[in-house]
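As structure tokens, the structure follows; a few thoughts come after it.
The values are calculated or read from the model by the stated rules, or taken from the named source; none is laboratory data. This structure is a prediction, so every number in the text was calculated from the model and none was measured. Methodologically, a virtual Cβ is constructed for each residue, glycine included, from the backbone with ideal geometry; neighbour enumeration extends over all protein chains shown. SASA here: full protein model, heavy atoms, side chains in, ligands and nucleic acids out. Shrake-Rupley method; radii C 1.70, N 1.55, O 1.52, S 1.80 Å.
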Amino acid sequence: QVQLVESGGGLVQPGGSLRLSCAASISIVSFNVMRWYRQAPGKQRELVAVITTSGGGTNVVDSVKGRFTISRDNAKNTLYLQMNSLNPEDTAVYYCNAARVFNQYWGQGTQVTVSS
């Protein structure tokens, strides 16, 4: 059974940084694409960043461009999201997602709270 476990969330002041990790129970090269999503209170889940596990191409949504970076370590079977210059609008539960063939897998989420 495929498992994704996020970590690295927490409380941070505006302007601060966090690095989220998503550890997979299988080799991440078996996934076609990995993504980070987030869901703020009362809002729909939204895509934040995506990375292909073959060529390593990445993309982030405009609201986090220049502040967030998605990366992966195939040897550690881990996906990362480096988040800099955080602001209160980034407060949300962040979820790791992985796609393989016709299947989607989700982690349990990690809370990120940006507040002074």
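Values as computed for the structure displayed
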quantity	calculated
Summed residue charge, Cβ within 13 Å of LYS43's Cβ, Lys/Arg positive, Asp/Glu negative	-1
Percent accessible area from carbon and sulfur atoms, the chain, protein chains only, probe 1.4 Å	47
Per residue accessible area of the chain, 1.4 Å probe, in Å²	52
Kirkwood-type radius of region 63-116, with distances r between different C-alpha atoms, in Å	12.9
Amide H contacts under 5 Å for GLY109, placed H, 5+ residues apart	GLU6, CYS96
Counting all C-alpha pairs of region 1-90, share separated by more than 17 Å (%)	49
Loop-located chymotrypsin sites (Phe, Trp or Tyr not before Pro) in region 9-116 whose Cβ has at most 15 other Cβ within 10 Å (DSSP)	PHE102
15 Å beta-carbon shell around CYS96, net charge (K/R +1, D/E -1)	+4
Contour minus Cα-Cα distance for GLN82 and GLN3 (0.36 nm per residue)	26.3 nm
Local net charge near SER85, Cβ-Cβ under 13 Å (Lys/Arg +1, Asp/Glu -1)	0
Two-site label geometry, VAL101 and SER25: point separation in nm, points 7 Å out along Cα→Cβ	1.8
